[in-house]
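Here the structure is laid out as structure tokens; the discussion comes afterwards.
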Amino acid sequence: DGTTPLNLLDLSNIRAAEVIKGPSGSIYGAGNGGAISLNSQVLAQENRISTEYSAGSFGLNRFRLGLSQQIGAGGIEASFVTQKADGYRDHSAMDRKVFQLGSFFPVSEKQEIRTQLLISDLNYQIPGALNAAQLEADPTQARPGSVNQNSSISQQSVFASFGHLYRFSEKTSNNTTVYLNTNDFENPFILDYKKELGFGFGGRTRFTHDTQLGGKAFRLIAGGEYQTSLTDAQNFGNRAGVADTVRFSDKLRATQGFLFQQAEWDFTEKFIFTLGLSENFSNFEIDRQIDATGGPTGLQTRTFDPIVVPRVALNYGINSNSAIYGSVSSGFSPPTIDEVRTNEGSLNLDLEAEKGVNYEIGYRIGKGKLNLDVATYYFKLDQTITTFTNSQGVVLFRNAGSTDQKGIEAALDYAFVRNGQGFIQDLSFGTAYTGQFFTFKNYQKRADDFSGNALTGVPETTLVSRIDFRTKFGIYLNFTHQYVSELPLNDANTVYQDAYNLVNLKFGWAKTFAGKWDLEVFGGVDNLLDESYSLGNDLNPFGGRFYQPAPTRNWYGGVKVSFSF
């Protein structure tokens with residue numbers, strides 16, 4: 001349905017995350033902000049059972065049990081994780097249970113099958129945003145009304161997929177995946193009570209062919225993806241945390257799909273050329289069954305015209321260790337159904353899709369212990385969708401004309417010691433700078449002209465630094481410092497969140513015994529400097545309720561044990 005609830009996952013469900021920056025339409029379809037590829041655990045080459053327990057401040061308790069089992073040339077991996085916490089603020093407890101089962105089976109030299117099943121049961125309370133006076137008086141308090149109305153979310157979801165890889169030859173292959181998901185969502189809020197029951201399915205296929213063009217390596221990639229979701233959604237009155245009389249009821253359908261083609265050509269020893277195209281379409285239907293206010297009922301639809309988004313990239317290898325690269329790409333992001341159909345019952349069918357063009361150039365070097373990557377970009381986005389909150393506290397959406405987004409990104413990693421034989425076996429340092437100089441280019445709301453203002457909710461500077469340290473005796477330490485500059489909380493740029501420094505520290509000891517047992521004991525502290533800051537600020541809220549206070553200094557510790565058999 002256009003949304004991705006990442007909080008359904010436990011961190012252990014993700015082995016690695018790859019971020020593709022900027023418009024990524026050549027392979028992943030509609031999208032201006034890029035794409036995030038989350039990879040689950042790679043199937044182990046041995047039979048292993050593992051368990052983990054940790055506890056910490058504000059009532060944190062987490063337990064995990066995992067199993068890896070080889071079956072012939074393939075195998076399965078399963079894990080169950082439960083996590084609970086009372087929360088830093090009043091009415092901010094959470095309870096999450098996640099079960100994951102993955103399998104991999106090579107059917108033959110030409111075929112592989114992969115399956116994935118994820119079941120998540122998530123419940124958490126919503127304390128709500130505070131204004132400046134409430135924040136100063138007591139940052140741990142909940143917004144008035146949140147407790148009495150049991151403002152919270154209960155969400156049970158199932159995700160399942162079946163993947164098939166077929167190698168036609170050494171040069172040609174196909175990878176196809178079909179998937180489905182179900183979602184049972186319940187959200188009591190201060191002013192209403194929302195229930196949704198949804199089902200979705202989709203599929204993706206990708207063909208890859210490696211050949212030569214002009215005597216140089218040439219790769220062709222082509223495929224498509226289609227997905228649709230069906231949702232029964234009802235909004236009720238909220239009487240002391242219990243659903244009351246129905247206010248409106250809808251049957252929702254969201255569909256999106258795209259075809260993609262990409263060519264990659266090493267036309268000289270130093271130049272790599274990439275050309276990508278995708279053809280995108282999307283539409284949604286809102287069939288209003290009940291409207292207690294007397295408003296119109298019936299089917300309303302919105303279809304976005306098919307659009308072609310290209311991407312052109314060129315990489316020049318200066319030598320075996322360094323390269324210069326550049327790209328021009330366009331993007332297209334239609335609004336999600338949650339942005340069109342809001343909690344107070346209105347249907348914003350005039351909300352336009354965001355369209356943008358990104359220009360980027362960068363330089364990277366990787367030589368032994370040193371890695372450096374620097375990039376600068378200019379992203380011009382039209383029909384930018386921004387948020388605001390009405391007097392009832394309902395988040396609404398609107399197009400804000402065009403925005404200019406200029407940025408610089410730089411990352412440096414250096415390993416002082418790597419796989420050393422002395423007391424210190426690993427010692428590395430890394431830092432990443434992000435400069436985001438984003439402004440409204442053309443944005444007028446009634447009599448107010450915000451053109452030239454900084455883009456709401458975006459800090460100009462973010463700097464993240466880390467130090468990782470490990471000894472031959474298994475003692476390790478991870479230190480992270482994050483600096484975030486002040487950021488505007490409203491379109492008028494009259495209210496800002498102050499800059500803050502967030503320091504996290506983790507330390508522990510890990511050892512292998514008898515070649516079969518692994519033991520790790522760890523501890524850590526988040527927000528070591530005890531900074532007062534807010535995460536997930538409400539932007540342009542009614543009544544000045546900007547702030548979602550983050551936890552103060554908090555500690556945690558735990559133990560991991562695993563056995564190979």
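The values are calculated or read from the model by the stated rules, or taken from the named source; none is laboratory data. This structure is a prediction, so every number in the text was calculated from the model and none was measured. Cβ sites come from the backbone with ideal geometry, for glycine too, and all protein chains shown count toward neighbours. Only protein heavy atoms, including side chains, enter the accessible area calculation; ligands, DNA and RNA are left aside. Shrake-Rupley method; radii C 1.70, N 1.55, O 1.52, S 1.80 Å.
Couple of notes before you dig in:
- The candidate values are (i) -0.24, -0.49; (ii) -0.22, -0.43; (iii) -0.35, -0.59; the one derived from this structure for log10 I(q)/I(0) by the Debye sum over Cα atoms at q = 0.05, 0.07 Å⁻¹ carries the label (i).
- With a threshold of 27 Å on the Cα-Cα distance, the over-threshold entries among LYS84/LYS560; LYS472/LYS560; LYS171/LYS355; LYS406/LYS445; LYS194/LYS406; LYS21/LYS270 are LYS171/LYS355; LYS194/LYS406.
- For region 484-565, the Cβ-based charge dipole about the Cα centre amounts to some 540 debye (Lys, Arg positive; Asp, Glu negative; other atoms uncharged).
- Across the options THR211, GLY223, SER249, the greatest Cα extent toward the positive end of the charge dipole of region 171-250 (unit charges at beta carbon of Lys, Arg, Asp, Glu) belongs to THR211.
- Cα gyration tensor shape of region 8-124, rounded if a/c is under 1.5, else prolate or oblate by comparing a/b with b/c: oblate
- Check: the chain dipole with +1 on Lys, Arg Cβ and -1 on Asp, Glu Cβ, in debye: 1380 debye
- Evaluated with a Cβ-only charge set (Lys, Arg +1; Asp, Glu -1), region 412-521 carries a dipole of roughly 520 debye about its Cα centre, given to the nearest 20.
- In units of the compact-protein estimate 2.2 N^0.38 Å, region 205-329 shows a Cα radius of gyration of 1.77.
- Candidate residues LEU130, LEU519, LEU213, LEU396: accessible-area rank, largest first, probe 1.4 Å: LEU213, LEU519, LEU396, LEU130
- Sparse-neighbourhood loop sites, GluC sites (Glu not before Pro) in region 258-300 - DSSP loop, at most 13 other Cβ within 10 angstrom: GLU269
- Percentage relative contact order, the chain, counting C-alpha pairs under 8 Å, at least six apart: 10 percent
- Built from the Cα atoms of region 165-205, the convex hull projects on average onto 4.1 nm², one quarter of its surface area.
- Over the residues of the chain, the helix contribution to mean residue ellipticity at 222 nm works out to -500 deg cm²/dmol, using -39500 (n - 2.57) for each DSSP H run of at least 4.
- Volume in Å³ per residue [convex hull over Cα atoms, computed for region 458-498]: 58 Å³
- For a straight C-alpha distance cut-off of 15 angstrom, the aspartates and glutamates reachable from LYS367 (same-chain residues fewer than eight places away being disregarded) are ASP413.
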